[in-house]
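What follows is a single structure, written as structure tokens, with notes after it.
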């Protein structure tokens, strides 16, 4: 469905969060299939509207982010082929807005909807080897740039984290042990996140909240995007 064919985001109704909470207690195919229409109407439909609405809003603000109501939304189905956890469904829904609109595009906005665990995130979660090396080189050569991103995130009450970190400085960066960015050089990516209240996601104004977040983390995204172009 084209982005402009969707209505403005109406907010997630309480039924959406209740469905996800109930799914956590009844994570099996029989239960889910009997309630698939509720999932489609109460969860997926407003999520697609949110993606389209935010995509429109960030473009108005001059942010190079795109969202597709179909391609930007993660599937509810878990890949259980190589997992010990055989639950067939995720107990949250999520979507990404990125420069291309694709989920695997580096540097984007992540929207996570889950009972009592809603949040927004942005950054470079697991950048490929070349980009990660360029990020580290920038941190090493001009640490103040990245440290400014760190300070801005902390000042705004947001969390700056990584999914994984080395125990020692990476090869080629051993001489930067005394750098103020030394600990960040060990990171294998970085993410800035902000928690959201359940009451936030139930309101149409959540569109503006997501767009405001995207605007606030723009320096962090541009930091990585600039390195991709080298």
Task: Subset of the range 112-152 [under 30 Å from residue 18 (Cβ atoms), touching a strand residue (DSSP E or B) at 6+ places or on another chain (Cβ under 7 Å) and either in contact (Cβ under 8 Å) with a residue 24 or more places away in the chain or part of a helix (DSSP H, G or I) (or both)] - done: 113, 118, 119, 120, 121, 122, 125
Open item on the list: Can you list residue pairs whose Cβ atoms sit under 7 Å apart, with the first residue in the range 79-107 being under 18 Å from residue 45 (Cβ atoms) and the second being surrounded by fewer than 13 Cβ atoms within 10 Å (Cβ to Cβ)? Count only pairs 6 or more apart in sequence or on different chains.
Closed with: 89/77
- [ ] Please find, within the range 165-193, the residue that is farthest from residue 144 (Cα to Cα) out of those that are surrounded by 17 or more Cβ atoms within 10 Å (Cβ to Cβ) and out of contact with any strand residue (DSSP E or B) (no Cβ under 9 Å at 6 or more places or on another chain).
- [x] 169
Task: Answer residue from the range 153-166, given it is assigned to a helix (DSSP H, G or I) and under 16 Å from residue 120 (Cα atoms) and is nearest to the chain's Cα centre (by Cα) among those - done: 153
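None of the figures in this text is laboratory data; all of them are computed from the coordinates on show. Computed from a predicted model, the values in this text were never measured in an experiment. Note that each Cβ is placed from the backbone with ideal geometry, even for glycine, and that neighbours are counted across all protein chains shown.
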